[in-house]
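The values are calculated or read from the model by the stated rules, or taken from the named source; none is laboratory data. All of these numbers come straight from a predicted model, not from anything done at the bench. Counting neighbours? That spans all protein chains shown, and the Cβs are built from the backbone with ideal geometry, glycine included.
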Amino acid sequence: MIRPAPLSSGWATQIRGGWLAAGIGLLLLFPLSYPDAYLLDVLTTGFLLAAFAASWDVVGGIAGQVTLGHALPFGAATYACALLTRLAGWPFPLAAAAAVLLATAAGAGVGQLASPLSGPFVAVLTLALAEAAHEIAAGHAFLSGPGGYAWGGEGGIPVVLPWGDAPPIASYYAALAFLCLSTWGILRFSRSESGLVLRAVAGSPLTAQASGVPIGRFRRLAFIVGSAFAGAAGAGYAAHVGRATAGDLSLELSFQAATFAAVGGRGTVVGPVVAALALHALFQGLSLPPAARVLLYAGTLLVTLRFFPGGVAGTAREVAARLRSRDRNRGGRRRRGGEAPPGGSA
Amino acid sequence: MTALLAATGIGKSFDGTRVLDGVTLSIAPGETVGLFGPNGSGKTTLANVLSGLLLPDEGSIAFEGRYVTRLPLDARYRLGMARTFQIPHPYPSLTVHEAVRVALAAAVPRPTGGGRDEGIEEILSRSGLFDQRFVPCASLSQGCLRRLEFARALACRPKLLILDELFSALSAADEEDLLALLRAANREGGAAYLLISHNRMLLSSTCRRILYLEEGRIARERTV
């Protein structure tokens, strides 16, 4: 009997790996073309947003818990960096580590509340929690000691960085390295046994539970891991922008991550990263006001969900499977034609 | 001998309608029990309560002498009480191999490394799914889906299988294959089972004892 080939055959993995290596190579060489500082800044921010989108994919894609409040761990990390360096006088690396821990704890808290829920209830709960944090951040001011400045509110809080204003090219390479590392980490998690179990929970919670999987515990794990990576992206963003603002906790940011993941292909990790880079660069290039950007993201999300529910990666996979099936059918017909008795058509 | 499963006075209502009314039953280790009853008699509700998918309103359930009434489905699976569903819910993005791997990941004791791979292959071979191991679960035929349900249940080395209409809507050949698997699980693996079916002939040929459920009560019982 002919055994069907594994879904992910060796050559397909090699082709994917080749594309990825070529993309990373191009991004590594790009600064050698002497681009202006604005373009480098757009790409640096794009790398950090792409890492954030990949972290959303852990929760919303791999685990299937569609969150609209993923800005919460991201913003918690940027605020922790700002508060700890500006008001507590911590060195930035220590503050960044604490920020990642805080984001992870925030994720554990959200996961605890969201794990018994599914579908739109998760989206509403996470949206409410992040919006509450956003409102608090926008309305609260922190005093930096007696007679000192009042930081916070809409103006945000500056981050104290040991390197001051880093050259754009250094920020670019640091953010690119961070994106590669975090994507690699998330891919490793996605392909681990925990990642497999999470995909099972996302696909059919009932069957997973009947297979002995404590689904609540795994959903919490997804929130914890996704929030840890979002927190790391937030710390990187704080280092790049030099300020934590209420916008870091905004619905727009959560919505962006969900859009990038939907367009790139939920659960594929690399798809959301590529979509984030492409869409961020495109929308920044259009120089749209924030309200128009939200509309554009919403439009992109609607078109994707209506016409390409699997996103770019999912659609490409579907087309490839269809082509393979067509080739097999053609091969089968040719073989059957060859087996026909000679002279049968005379 | 201690009963493997002992359910006492199980009651369950939905919106004021009493679906189970003081059901008491026990299953000995390795015993083969059938559950027969008309539509709406509460067979699937009883399977859901016994397996931990639903909490009973009253009554208690003990498994191997341990009180498990409030333990959820996954915890009971890890104790060795596995169930299959009347309508399988396959994982849309996982292959057959991965689906069995998920079940084996939860099994106690948990096999690791080469032992785990061997375990998956053994279960797939025993269930007749080895050749379909890289096929997505969602594209399996009804017969293969039932086999996969059974393979998933076997992964925890079950002491008790609760099988809800495992043989319904199957071709004669698929039914025969699955029956052979069930008998092997009972004879070689020592698994007791509670087989829920509308098919009286099937129950008579596969079970030593048949319970008749009527209006949420065990109305009578027959030893074959």
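Would you confirm, using the coordinates I've provided, whether B:F85 is among the aromatic types (F, W, Y), over 30 Å from B:L55 (Cβ atoms) and modelled with pLDDT of 90 or more?
no
So A:G64 passes all but one of these: (1) in contact (Cβ under 8 Å) with a residue 24 or more places away in the chain; (2) outside any helix (DSSP H, G or I); (3) more than 14 Å from chain B (Cβ to nearest Cβ). Which condition number does it fail?
(3)
Please determine whether any residue of region B:8-30 is in a loop (DSSP other than H, G, I, E, B) and either of a type in the set (K, R) or surrounded by 23 or more Cβ atoms within 10 Å (Cβ to Cβ) (or both).
no
Conditions (1) in contact with a Ser or Thr (Cβ under 8 Å, 6 or more places away or on another chain); (2) modelled with pLDDT under 85; (3) in a helix (DSSP H, G or I); (4) under 17 Å from A:Q65 (Cα atoms), marked per residue:
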| position | (1), (2), (3), (4) |
| --- | --- |
| A:G236 | no, no, yes, no |
| A:Q256 | no, no, yes, yes |
| A:R266 | no, no, no, yes |
| A:A276 | no, no, yes, no |
| A:H280 | yes, no, yes, no |
| A:A291 | no, yes, yes, no |
| A:T300 | yes, no, yes, no |
| A:V303 | no, no, yes, no |
| A:T315 | no, yes, yes, no |
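I'd like to check something: does region A:259-278 contain any residue that is touching a Cys at 6+ places or on another chain (Cβ under 8 Å), within 13 Å of another protein chain (Cβ to nearest Cβ) and buried (at least 20 other Cβ atoms within 10 Å of the Cβ)?
Checking region A:259-278: not a single residue is touching a Cys at 6+ places or on another chain (Cβ under 8 Å), within 13 Å of another protein chain (Cβ to nearest Cβ) and buried (at least 20 other Cβ atoms within 10 Å of the Cβ).
Can you find, within region A:148-207, the residue that is farthest from the chain's Cα centre (by Cα) among those that are of a type in the set (A, V, I, L, M, F, W, C), surrounded by fewer than 23 Cβ atoms within 10 Å (Cβ to Cβ) and within 14 Å of another protein chain (Cβ to nearest Cβ)?
Ranking the qualifying residues of region A:148-207, first place goes to A:L206.
Can you find, within region A:208-246, the residue that is nearest to the other protein chains (Cβ to nearest Cβ) among those that are among the basic types (K, R) and over 20 Å from the mean Cα position of the chain (by Cα)?
Among those that are among the basic types (K, R) and over 20 Å from the mean Cα position of the chain (by Cα), it is A:R217.
Among (1) modelled with pLDDT under 95; (2) within 10 Å of chain A (Cβ to nearest Cβ); (3) closer than 29 Å to B:F14 by Cβ, there is one condition B:A107 misses while meeting the rest; what is its number?
Only one criterion is unmet by B:A107, namely (3).
Out of all the residues in region B:109-118, is one or more within 20 Å of the chain's Cα centre (by Cα) and touching a residue at least 12 places away in the same chain (Cβ under 8 Å)?
no
What residue, of A:A99, A:A108, is in contact with a helix residue (DSSP H, G or I) (Cβ under 6 Å, 6 or more places away or on another chain), buried (at least 22 other Cβ atoms within 10 Å of the Cβ) and touching a residue at least 12 places away in the same chain (Cβ under 8 Å)?
Testing whether each residue is in contact with a helix residue (DSSP H, G or I) (Cβ under 6 Å, 6 or more places away or on another chain), buried (at least 22 other Cβ atoms within 10 Å of the Cβ) and touching a residue at least 12 places away in the same chain (Cβ under 8 Å) leaves just A:A99.
Give the residues of region A:287-315 that are more than 20 Å from A:A258 (Cβ to Cβ) and not hydroxyl-bearing (S, T, Y), sorted by residue number.
Hit for region A:287-315 is A:P289, nothing else.
For B:R116, all conditions in the list (1) touching a Lys or Arg at 6+ places or on another chain (Cβ under 8 Å); (2) under 18 Å from B:L178 (Cα atoms); (3) within 11 Å of chain A (Cβ to nearest Cβ); (4) in a helix (DSSP H, G or I) hold save one; what is the number of the exception?
(2)
Please give the number of the condition B:L50 fails out of (1) within 12 Å of chain A (Cβ to nearest Cβ); (2) part of a helix (DSSP H, G or I); (3) closer than 25 Å to B:Y212 by Cα; (4) hydrophobic (A, V, I, L, M, F, W, C).
With (1) within 12 Å of chain A (Cβ to nearest Cβ); (2) part of a helix (DSSP H, G or I); (3) closer than 25 Å to B:Y212 by Cα; (4) hydrophobic (A, V, I, L, M, F, W, C) applied to B:L50, the lone miss is (1).
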